[in-house]
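Values quoted throughout were computed directly from the atomic coordinates according to the rules given, and no laboratory measurement underlies them. Owing to the predicted nature of the structure, the values given are computational and were not obtained by experimental measurement. When we count neighbours, we look across all protein chains shown, and the Cβ atoms used for this are built from the backbone with ideal geometry, even at glycine.
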Amino acid sequence: MEQLPKKLRKNLHHGIRALQKMGSIEMSQASPDTVPHFLDDLFRLHDTRWRSRKESGVLNEQSLLEFHRESAAELFRSGMLRLYSLLVNGKAIAAYYVLVKDTHAYAYLGGFDPVMEKHSPGAVALYLTMQRSIQEGRLIFDLLRGKERYKLFWHPEECTNFKMKITSGQLS
């Protein structure tokens, strides 16, 4: 927490206190038996969040939902998938889908209940997800590509990836 920007720390403290006033809060992590339930919460929260903005988000096709449902069990068994839900009084208000490999954690997808937005459930869930990743020994928490506004609050260190495609012997 001490390493975070002052404004973000204040926002997180405010959000956590506000959520605690509503009842019990818990950061829950999926087990092999609960992966489908955690995915349901994530998909619902992601969809609700984006619909509130009159946008579709990245899970806008049934085939994508099916892909994640099919691949999640194997990713979980291999130790590469972490699913987290931030619960208030037992109800999921934010969720994260994180892929892990060696010393890295990759925040692939998240969602939160827009009704709770003033309490920063997405930021609180992301912070608690980062904490869990650190406890597991992850040294790098990657917010992945894109310059979404919420990422800037964390003051990330930018890293540029390059993609090279070779076709018909030509470099493009």
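Annotation for the stretch 10-53: chymotrypsin sites (Phe, Trp or Tyr not before Pro) lying in DSSP loop with at most 12 further Cβ atoms inside 10 Å of their Cβ do not exist.
Residue pairs exceeding 22 angstrom between C-alpha atoms, taken from Lys21/Lys91; Lys6/Lys118; Lys6/Lys101; Lys10/Lys54: Lys6/Lys101; Lys10/Lys54. Shown in residue order for the stretch 39-50 are the 3J(HN,Hα) couplings computed by the Karplus curve 6.51 cos²θ - 1.76 cosθ + 1.60 at θ = phi - 60°: 5, 4, 4, 4, 4, 5, 5, 4, 5, 4, 4, 6 Hz (x for Gly and Pro). Rounded to the nearest whole angstrom, the semi-axes of the ellipsoid equivalent to the stretch 14-129, taken from the Cα gyration tensor as √(5λ), stand at 23, 17, 12, largest first. Please check which bits of the stretch 102-126 a label hung off Lys165 would reach, taking the label as a point 7 Å along Cα-to-C-beta and the cut-off as backbone N under 16 Å. Output list for this probe position: empty.
Projected label points at Gln131 and Ser71, each 7 Å from Cα along the beta carbon direction, are separated by 3.0 nanometres. Couplings for the stretch 53-68, taken from phi via the Karplus curve 6.51 cos²θ - 1.76 cosθ + 1.60 with θ = phi - 60°, read 9, 6, 10, 9, x, 8, 9, 8, 10, 4, 4, 5, 4, 5, 4, 5 Hz in order; Gly and Pro are left as x. Annotation for the stretch 33-68: GluC sites (Glu not before Pro) lying in DSSP loop with at most 12 further Cβ atoms inside 10 Å of their Cβ are Glu55, Glu61.
For the peptides 116-122, 86-92, 8-14, the ranking by mean Cβ contacts within 10 Å, running from highest to lowest, is 116-122, 86-92, 8-14. Mean sequence separation of contacting Cα pairs (under 8 Å, at least six apart), scaled by the length of the stretch 1-106, corresponds to a relative contact order of 32 percent. Across the stretch 85-93, computed HN-Hα scalar couplings (Karplus, 6.51 cos²θ - 1.76 cosθ + 1.60, θ = phi - 60°) run 9, 8, 10, 10, 6, x, 9, 5, 10 Hz from first to last residue, x flagging Gly and Pro.
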